[in-house]
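Here the structure is laid out as structure tokens; the discussion comes afterwards.
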Amino acid sequence: MKTIDVLVVGELNVDLILNQIESFPELGKEKIARQMNITLGSSSAIFASNLSSLGARVSFIGKIGNDQFGDVVLQSLKSKGVDIGSIQKSDALNTGATLVLNFNEDRAMITHPGAMENLSLNNIPLDKFSKGRHLHFSSYFLQPGIQKDLATLFKLAKEAGLTTSFDAQWDPNEKWDINLSGVLPYVDIFLPNEKEICYLTGKTTVEEAVDSIKHLANIILIKMGNKGSVCWHKGEFFHKEPFLNENVVDAIGAGDSFNAGFIYKFIQKETLDRCQTFGNLTGAISTTQPGGTTAFTDYTGIMKIAKDTFGYVE
């Protein structure tokens with residue numbers, strides 16, 4: 001019996017977010033930020049939290065430190081209904097943390113990876129695959145402990161009958177070294193943004209990037225911020241206009257919120273057109289509140305923001 005809609009394997013950390021910063025930091029000088037928040041961070045956790053808030057049954061597999069930041073992570077996920085039973089605590093490692101400096105719709109970030117670097121295939125309870133419908137993995141470059149086994153992880157999920165999605169995210173070292181030919185054949189939905197797909201493939205345009213990997217991929221979803229999104233499937237491109245927020249609080253987690261909206265509709269077997277539209281919507285909803293999860297309370301509250309801010313009614 002399938003008791004889990006989506007299994008999320010990924011990194012866990014908190015975000016220390018600074019807004020209303022006077023000017024960009026300079027060595028040897030002190031600047032003032034007029035607003036600060038400590039919230040659940042990490043691509044994987046924001047995705048899981050928001051997907052659960054939409055109504056999906058979500059279970060998380062990851063690693064944290066046995067510390068106060070770890071408690072923040074667990075409480076945040078639990079409060080949104082995410083199953084945290086497979087999150088492991090380490091006494092030897094800290095929970096990861098990211099310092100986020102927000103400037104309008106862009107940001108600079110510094111991350112201490114902590115325990116997330118230590119997650120390996122051996123830490124993943126593969127028996128859970130029989131209970132799940134879909135597997136999502138995010139933030140490849142922040143998790144060296146599982147990189148060499150990622151293709152195996154997706155292959156095992158496919159063999160267990162799960163659909164799969166993958167968001168590689170940004171490479172802090174900007175080397176973009178990943179074996180896409182080994183991984184993508186086991187991925188149903190590949191979810192890069194426009195910069196990431198170009199860097200991952202070594203191409204200069206989205207079209208060239210897609211052309212270089214289309215023989216490996218099933219569905220490629222490319223997030224383009226305030227330009228909307230592009231979906232490639234079965235030889236065709238589909239562009240969806242964005243839902244524009246005229247009063248962006250910050251863009252933290254907007255891409256992860258897009259992923260959550262898209263996958264929420266995908267597991268309900270909606271058309272790709274509806275999945276993409278809903279992804280654009282949830283990505284925009286994320287920008288109406290600080291941090292990546294604040295705007296996502298429950299389905300009713302999320303749809304109220306959709307209607308009041310973007311005129312969207314299902």
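The values are calculated or read from the model by the stated rules, or taken from the named source; none is laboratory data. Note that the coordinates shown come from a computational prediction; the quantities given were computed from them, not determined experimentally. Virtual Cβ from ideal backbone geometry, glycine too; neighbours counted across all protein chains shown.
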* Asked: In segment 100-111, how many residues are loosely packed, with under 14 Cβ neighbours inside 10 Å and within 20 Å of LEU12 (Cβ to Cβ)?
  -> 1
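Listed here are the residues, each with its yes/no results for (1) basic (Lys, Arg); (2) at pLDDT below 95; (3) within 19 Å of SER138 (Cα to Cα); (4) within 14 Å of the chain's Cα centre (by Cα).
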{"residue": "LYS2", "(1), (2), (3), (4)": "yes, yes, no, no"}
{"residue": "LYS29", "(1), (2), (3), (4)": "yes, yes, no, no"}
{"residue": "ASN37", "(1), (2), (3), (4)": "no, yes, no, no"}
{"residue": "SER79", "(1), (2), (3), (4)": "no, no, no, no"}
{"residue": "VAL82", "(1), (2), (3), (4)": "no, no, yes, no"}
{"residue": "THR98", "(1), (2), (3), (4)": "no, yes, yes, no"}
{"residue": "ASN102", "(1), (2), (3), (4)": "no, yes, no, no"}
* Asked: Just one of the numbered conditions (1) in contact with a Pro (Cβ under 9 Å, 6 or more places away or on another chain); (2) modelled with pLDDT of 95 or more; (3) small (Gly, Ala, Ser) is not true of ALA306; which one?
  -> (1)
* When you go through GLY70, GLY41 one by one, which is the residue that is surrounded by 24 or more Cβ atoms within 10 Å (Cβ to Cβ) and at pLDDT below 95? -> GLY41
* Asked: What number of residues in segment 240-272 are surrounded by 24 or more Cβ atoms within 10 Å (Cβ to Cβ), in a loop (DSSP other than H, G, I, E, B) and hydrophobic (A, V, I, L, M, F, W, C)?
  -> 1
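Considering each of CYS275, CYS231 in turn, give the residue that is in a strand (DSSP E or B) and surrounded by 20 or more Cβ atoms within 10 Å (Cβ to Cβ). Please lay out each step first, then the result.
Working: CYS275 fails: in a strand (DSSP E or B).
Matching residue, one of CYS275, CYS231: CYS231.
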* To do: For segment 99-110, indicate whether the set of residues that are touching a strand residue (DSSP E or B) at 6+ places or on another chain (Cβ under 7 Å), over 28 Å from GLN289 (Cβ atoms) and among the basic types (Lys, Arg) is non-empty.
  => no
* Among all residue pairs at least 6 apart or on different chains, which show Cβ distances below 9 Å where the first residue, located in segment 139-162, is over 18 Å from ALA48 (Cα atoms) and the second is buried (at least 21 other Cβ atoms within 10 Å of the Cβ) and charged (D, E, K, R)? -> GLY145/LYS63
* **Subset tally (residues that are surrounded by 16 or more Cβ atoms within 10 Å (Cβ to Cβ), over 16 Å from GLN276 (Cβ atoms) and of a type in the set (D, E, K, R)) for segment 207-228** => 0
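So, of the residues in segment 237-265 that are charged (D, E, K, R) and either at pLDDT 95 or above or within 18 Å of the chain's Cα centre (by Cα) (or both), which turns out to be farthest from ALA284 (Cα to Cα)?
Step by step, filter segment 237-265, then rank; the result is LYS265.
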* Taking the condition among the polar types (S, T, N, Q), surrounded by fewer than 16 Cβ atoms within 10 Å (Cβ to Cβ) and closer than 19 Å to LYS227 by Cα, does THR152 pass? -> no
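Tell me which residues, restricted to segment 1-17, are under 22 Å from ASN37 (Cβ atoms) and surrounded by fewer than 20 Cβ atoms within 10 Å (Cβ to Cβ).
LEU16
Collect the residues in segment 1-36 that are of a type in the set (D, E, K, R) and in contact with a strand residue (DSSP E or B) (Cβ under 8 Å, 6 or more places away or on another chain), keeping them in residue-number order.
LYS2, ASP5, GLU11, ASP15, GLU22, LYS31, ARG34
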* Before we move on, is THR204 surrounded by fewer than 17 Cβ atoms within 10 Å (Cβ to Cβ) and farther than 23 Å from THR288 by Cα? -> yes
* Asked: List pairs: first in segment 21-46 and without any contact (Cβ under 8 Å) to a residue 40 or more places away in the chain and assigned to a loop (DSSP other than H, G, I, E, B), second among the β-branched types (Val, Ile, Thr) and surrounded by fewer than 13 Cβ atoms within 10 Å (Cβ to Cβ), Cβ under 8 Å, 6+ apart or cross-chain?
  -> GLU22/ILE32
